[in-house]
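J.: This is the structure I have questions about; it appears just below.
The values are calculated or read from the model by the stated rules, or taken from the named source; none is laboratory data. Just so it is clear, the structure is predicted and the values come from calculations on it, not from any experiment. Here the Cβ positions follow ideal geometry from the backbone for every residue, glycine too, while neighbour counts run over all protein chains shown. Ligands, DNA and RNA are excluded from the accessible area calculation, which covers all protein heavy atoms including side chains. Shrake-Rupley method; radii C 1.70, N 1.55, O 1.52, S 1.80 Å.
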Amino acid sequence: MTLNIILLGPPGAGKGTQASRLVEEHGMVQLSTGDMLRAAVRAGTPIGLQAKAVMDAGELVSDEIVSGLIGERLDELGNETSVIFDGYPRTAAQAEALDGILSARGRKLDHVVELVVDEDALVDRITGRFSCANCGEGYHDRYKLPKVEGTCDVCGSHDFKRRPDDNEETVRTRMAEYRAKTEPILPIYEARGIVSKVDGMAAIDVVNDAIEAILRSDAS
Ligand SMILES: [Zn+2]
């Protein structure tokens, strides 16, 4: 059965990890408008050429072009491929456009899955993290320090690194942006009864199981 889902969640909620699980385990295809746009421009598709002209003129790509892009990609994938929309739609108008794009292809939106996070817990999780500069092993100031101070458990390196945007201000700004983007579309889908909320703060496998259960709930 073909599924069409939207995966929502702020940066740091584990959306990327969960999406790649679904891609691996179910052969679903993740449709991110940014990636699709770059790919269409590179491939020189009709919509890609239009988009390139607009971007070269320093203008923003219109909803119409984005819709065309999604339609083009869905036609390419055919009717048997399940898809995950990521970062789209962001406005009520885009949500309406998406309905049209899907129904024109005999598809419909099955689920909107929101990874819900606790903002303070997310700040705590993100601001404490660092990793080994040599092997990439992840650590945390409060939850997972190296067993020997200053030495990587895995490779013995003494070099560690932190991402510069792993700070409280950036996390809170991103949360605010996320809320601003989801607020216009969530009520539309809630009214249809297709929104499921999953605790994004749980362990990766637990979150994955919860998403799987939601996707299976359609089989009835
Ligand atoms: Zn290491």
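J.: Can you find a residue that is in contact (Cβ under 8 Å) with a residue 60 or more places away in the chain, closer than 23 Å to Ser217 by Cα and assigned to a helix (DSSP H, G or I) anywhere in the stretch 101-110?
T.: yes
Every residue, every condition in (1) open to solvent by 70 Å² or more (accessible area, probe 1.4 Å); (2) modelled with pLDDT of 95 or more, yes or no:
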{"site": "Lys147", "(1), (2)": "yes, yes"}
{"site": "Cys155", "(1), (2)": "no, yes"}
{"site": "His158", "(1), (2)": "yes, yes"}
{"site": "Glu168", "(1), (2)": "yes, no"}
{"site": "Met175", "(1), (2)": "no, no"}
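J.: Identify, by number, the condition in (1) among the small types (Gly, Ala, Ser); (2) at pLDDT 95 or above; (3) open to solvent by 30 Å² or more (accessible area, probe 1.4 Å) that Ser131 doesn't meet.
T.: In the conditions (1) among the small types (Gly, Ala, Ser); (2) at pLDDT 95 or above; (3) open to solvent by 30 Å² or more (accessible area, probe 1.4 Å), Ser131 misses (3) alone.
J.: Given Ala180, Ala210, Ala202, which one is assigned to a loop (DSSP other than H, G, I, E, B) and either open to solvent by less than 80 Å² (accessible area, probe 1.4 Å) or touching a residue at least 60 places away in the same chain (Cβ under 8 Å) (or both)?
T.: Ala202
J.: Does the stretch 22-33 contain at least one residue that is open to solvent by 40 Å² or more (accessible area, probe 1.4 Å), touching a residue at least 40 places away in the same chain (Cβ under 8 Å) and at positive phi?
T.: yes
J.: Restricting the search to the stretch 72-91, which residues are open to solvent by 50 Å² or more (accessible area, probe 1.4 Å), within 28 Å of Ala180 (Cα to Cα) and at pLDDT 90 or above?
T.: If the condition is that a residue be open to solvent by 50 Å² or more (accessible area, probe 1.4 Å), within 28 Å of Ala180 (Cα to Cα) and at pLDDT 90 or above, then Arg73 is the only one that fits.
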